[in-house]
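Asks: Please find one structure pasted underneath; my questions will follow.
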Amino acid sequence: MSEILVLVDHVDGDVKKVTLELLTLAGSLGTPAAVWAGSGYSDAAKAKLAEYGAEKIYVAAADEIGDYVSAPKAEVLAHLVAERSPAAVFLAATGEGKEIAGRLAIKTDSGVISDAVGVGEGFVAEQSIFGGGVNVRSRVTKGTPIITVRPNSTAPVAAPAAGAEEKVEVALSDAARAARIVERVVQEKGARPELTEAAIVVSGGRGVGSGENFAIIEKLADALGAAVGASRAATDAGWYPHQFQVGQTGKTVSPQLYIAAGISGAIQHRAGMQTSKTIVVINKDAEAPLFEIADFGVVGDLFQVVPQLTEEIEKRK
Amino acid sequence: MNIVVCVKQVPDTATERKLRSDDKTLDRDAADGVVNELDEYAVEEALRLKEAHGGEVTVLSMGPAKTTETIRKALAMGADKAVHLHDDALYGSDALGTSYALSQALKKIGYDLVILGSESTDARTGMLPAMLAERLGTPQLTLASKVEVDGSSIKVERITDYGYDKVEASLPAVVSVVEKINEPRYPSFKGIMAAKKKPVETLGVADAEIAADQVGLANSWSEVVEFAVAPPRAAGTVVKDEGDGGAKAAEFLASKKFV
Ligand SMILES: Cc1cc2nc3c(=O)[nH]c(=O)nc-3n(C[C@H](O)[C@H](O)[C@H](O)COP(=O)(O)OP(=O)(O)OC[C@H]3O[C@@H](n4cnc5c(N)ncnc54)[C@H](O)[C@@H]3O)c2cc1C
Ligand SMILES: Cc1cc2nc3c(=O)[nH]c(=O)nc-3n(C[C@H](O)[C@H](O)[C@H](O)COP(=O)(O)OP(=O)(O)OC[C@H]3O[C@@H](n4cnc5c(N)ncnc54)[C@H](O)[C@@H]3O)c2cc1C
């Protein structure tokens, strides 16, 4: 079976969950080969990639790869596509992943599919567009299929493989060294899972009323091991940082469970969460449109319902 | 400073958006066309940079005839002139074709700085800014929440999952903006009147030296195989809180094995 390259998404040397999902997906269609680009590679990372099915691990460990925006990683992948003629290349549909995919498509004269929620036989990708209203099946018709896949599209399954390492040396072009990252500023670290990767997301909207009140949303999130999200009304008001906004101009999330408190369900909010597997809505207005897509809804005051829910969950632990 | 802002006309998200059943492309007639929201932030940033450093702001938009409405809106905000890339040969281009066509038009127009929104609301691929940087061989300063220009050097804050990166480069460069960057101005009545007289140049593929076999639906690098309207979600249970709403929600979560 031919190789499918999976670009490893890593932060501080830790492999992100979406990479394991991509390895699992690649394993269902060919032979997964992980591509590590940048510093931070370790035995622990290697073990993780092998555990989830990487037959091969291409390692381009030069520090300078991480010193510039997106372009160096695209050059590493383009080099491998030319040398190895893989059947396809999978990347995470994150801001950076999509940028790398776009640049790689031009370098290799290949088509690119963005934001797939599944990939099947013949690398036909499934996309969920217009805020989940339309399902599309699309495919690349020229070159090597390059596909970015949304986090949480596939459950990662352990499938131990060889993890045979191969070093890759790529001389970066001047163009790839044009936008230099001079400093990384870490604002929110916290113990909570990352919004787009989390299995459970608890979001608050205008109904939460203030930044301080978001503590009750955070408590419920922590009881469930969930990430915290917010509607634009809440981020615009400055109650919660912008990077946690869910929706059309925020993050797209697709968790197993999405709980929304004090969010009405505007189309622009739904665009970012409509593909969640289970949706729970808490709102005092029985007419709130988000109830239309709820699997379970409580019409009530979130200041009563949310703390009680948190308490009940703690009791059941 | 010569700034070009790329602006896309998109169907209004508040109306029902569709694909056409014949060629599976976006049905642009089914919904009202509006300026892609993030592109208003791109126009605003261009105007602020012009106000601080002098120069000229040119709007570049590729799309069908009705794209002129979107172009006028950007001109009414204060841009100086516009280029409308409009040719039947461009119809149905994918991201590769679109980025190629826009890059050729940009070479023709000339630029020190190209500013885009970071994502459209219809296709939402978010790839065009990086693809333009790749095609033009200029630095990519994307997902910017802050832009500073000083002579020929440019600095941006690029948002990341953990916060932001400080990124530096030299002009010419490609920038894409996120909505955190500014608050777009509303066109004034004077601006709207003035926009009617501002020059809009229409370029076809030959004018922009775009190879016709690299653009359009038939020459795309990808295709839609089929599509279907998503089945509505099955109706769920909604209960009224009688003092036990939280407990009932917990029961539901337990039944689904979330707790
Ligand atoms: C181009 C564009 C892009 C946009 N992008 C996004 C986006 O990315 N994400 C996003 O979220 N929005 C986005 N919006 C904004 C969107 O249209 C809505 O304005 C926004 O989602 C509303 O947020 P909300 O539901 O929190 O507030 P509201 O619509 O004001 O709803 C608040 C809800 O809280 C309920 N409530 C109030 N008090 C309580 C209480 N004590 N207990 C229980 N319920 C209570 C109310 O009944 C109401 O339903 C966008 C808009 C545009 C035009
Ligand atoms: C639902 C849907 C899904 C699609 N999926 C894919 C796909 O997976 N792969 C693919 O190759 N093509 C895809 N396309 C085609 C894609 O829409 C076009 O190539 C489009 O022109 C560029 O993509 P975008 O709108 O996603 O740009 P984005 O990268 O999301 O837009 C970023 C910025 O680029 C600028 N910009 C974008 N288009 C124009 C324009 N016409 N004129 C001026 N400035 C512009 C704007 O500043 C905008 O804010 C899809 C189209 C649709 C409708």
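Asks: Averaging the inverse of every distinct alpha carbon separation and then flipping it gives the Kirkwood radius. What is it for the stretch A:233-317, in angstrom units?
Replies: 13.5
Asks: A drop of at least 50 square angstrom in accessible area, chain alone versus all protein chains together, probe 1.4 Å. Which residues of the stretch B:93-119 meet that?
Replies: Listed in order, they are B:LEU96.
Asks: On the accessible surface of the protein assembly as shown, probed at 1.4 Å, how many percent belong to carbon and sulfur atoms?
Replies: Carbon plus sulfur share of accessible area: 49 percent.
Asks: Measuring from label point to label point, each 7 Å out along Cα→Cβ, what is the B:ASP80 to A:ALA44 span in nm?
Replies: Those two pseudo-labels are separated by 5.5 nm.
Asks: If you don't mind, there's one more thing I want to ask. Which pairs in the list B:LYS155/B:LYS198; A:LYS277/B:LYS24; A:LYS48/A:LYS167 are over 20 Å apart, alpha-carbon to alpha-carbon?
Replies: Result: B:LYS155/B:LYS198; A:LYS277/B:LYS24 exceed 20 Å.
Asks: About the Cα centre of chain A, what is the dipole size in debye to 20, counting +1 per Lys and Arg Cβ and -1 per Asp and Glu Cβ, all else neutral?
Replies: For chain A, the charge dipole is close to 440 debye.
Asks: Follow-up. Can you check what the Kirkwood hydrodynamic radius comes to for chain A, Cα pairs only, in Å to one decimal?
Replies: This gives a value of 20.6 Å.
Asks: Classify chain B as rounded, prolate or oblate, taking a ≥ b ≥ c as the square roots of the eigenvalues of its Cα gyration tensor: rounded when a/c is under 1.5, otherwise prolate if a/b is larger than b/c and oblate if not.
Replies: prolate
Asks: Follow-up question, since we're still on this one. To the nearest 100 Å², how much accessible surface do chains B and A cover up together, summed over both, with a 1.4 Å probe?
Replies: 6900
Asks: For the stretch B:36-114, what relative contact order do you get, as a whole percent, if you take Cα pairs closer than 8 Å and at least 6 residues apart?
Replies: Rounded, it is 27 percent for the stretch B:36-114.
Asks: I've got another one for you. Can you compute the modelled spin-label distance between A:ARG206 and B:LYS196, with each label point 7 Å from Cα toward Cβ, in nm?
Replies: Those two pseudo-labels are separated by 3.5 nm.
Asks: Moving on to the next point. Find the accessible area per residue for the stretch B:77-155; the probe is 1.4 Å, ligands and nucleic acids are left out, and the unit is Å².
Replies: 30
Asks: In square nanometres, what is one fourth of the surface area of the convex hull spanned by the alpha carbons of the stretch A:1-135?
Replies: That works out to 8.1 nm².
Asks: Just give the residues from the stretch A:158-189 buried by at least 10 square angstrom of accessible area in the all-chains context relative to the isolated chain, probe 1.4 Å, and say none if nothing qualifies.
Replies: A:ALA175, A:ALA178, A:ALA179, A:ARG180, A:ILE181, A:VAL182, A:GLU183, A:ARG184, A:VAL185, A:VAL186, A:GLN187, A:GLU188
Asks: Okay, next question. Between A:GLU314 and A:ASP67, what length comes free when the chain is fully extended (0.36 nm per residue of separation minus the Cα-Cα distance, one decimal in nm)?
Replies: 84.5 nm
Asks: Inverting the mean 1/r over all pairs of different Cα atoms, compute the Kirkwood radius of the stretch B:108-259 and quote it in Å.
Replies: 21.0
Asks: Which of A:GLU287, A:GLU169, A:GLU183 moves most in a GNM of chain A, Cα contacts under 10 Å?
Replies: Most flexible of the set in this elastic network: A:GLU183.
Asks: Okay, next question. For the stretch B:128-218, state which trypsin sites (Lys or Arg not before Pro) are in a DSSP loop and have at most 13 other beta carbons lying within 10 Å of their beta carbon.
Replies: Sparse-neighbourhood loop trypsin sites (Lys or Arg not before Pro): B:LYS196, B:LYS197.
Asks: Could you do me a favour and compute the accessible area per residue for the stretch B:171-242, 1.4 Å probe, result in Å²?
Replies: I get 60 Å² per residue for this part.
Asks: Over chain A, what is the relative contact order in whole percent, taking alpha-carbon pairs under 8 Å and six or more residues apart?
Replies: Averaging sequence separation for qualifying contacts and normalising by length gives 15 percent for chain A.
Asks: A follow-up question, please. With the dipole of the stretch A:271-317 worked out from charges on the C-beta (+1 for Lys and Arg, -1 for Asp and Glu) around the Cα centre, which of A:ALA286, A:GLY300, A:GLY272 lies farthest toward the positive end?
Replies: A:GLY272
Asks: Quick one: what does P(r) look like for the stretch A:1-43 with 10 Å bins over all Cα pairs, in whole %?
Replies: Here the calculated profile for the stretch A:1-43 is 31, 50, 18, 0.
Asks: May I ask which residue of B:ALA144, B:TYR41, B:ALA65 lies farthest towards the positive end of the charge dipole of chain B, with charges of +1 (Lys, Arg) and -1 (Asp, Glu) on Cβ and the Cα centre as origin?
Replies: B:TYR41
Asks: I would also like to ask the following. Assign one of three labels to the stretch A:247-297, namely rounded, prolate or oblate, based on the Cα gyration tensor with a ≥ b ≥ c the square roots of its eigenvalues; rounded applies when a/c is under 1.5, prolate when it is not and a/b is larger than b/c, and oblate otherwise.
Replies: oblate
Asks: I would also like to ask the following. Which value, in Å², gives the accessible area per residue of the stretch A:74-120 when a 1.4 Å probe is used on the protein heavy atoms?
Replies: Per-residue value: 24 Å².
Asks: Where a ≥ b ≥ c are the square roots of the eigenvalues of the C-alpha gyration tensor, would you call the stretch A:158-212 rounded, which needs a/c under 1.5, or, failing that, prolate if a/b is larger than b/c, or oblate?
Replies: Oblate.
Asks: Output the residues of the stretch B:1-28 meeting this criterion: accessible area (heavy atoms, 1.4 Å probe) in the chain alone minus accessible area with all protein chains in place is 20 Å² or greater.
Replies: Buried by 20 Å² or more upon assembly, which counts only protein chains, are B:THR13, B:ARG17, B:LEU19.
Asks: How large is the direction-averaged shadow of the alpha-carbon convex hull of the protein assembly as shown, in nm²?
Replies: 25.2
The values are calculated or read from the model by the stated rules, or taken from the named source; none is laboratory data. These numbers come from a predicted model, not from an experiment. Here Cβ is always computed from backbone atoms with ideal geometry, including for glycine, and neighbour counts include all displayed protein chains. The accessibility values were calculated without ligands, DNA or RNA, using every heavy atom of the protein model including side chains. Shrake-Rupley method; radii C 1.70, N 1.55, O 1.52, S 1.80 Å.
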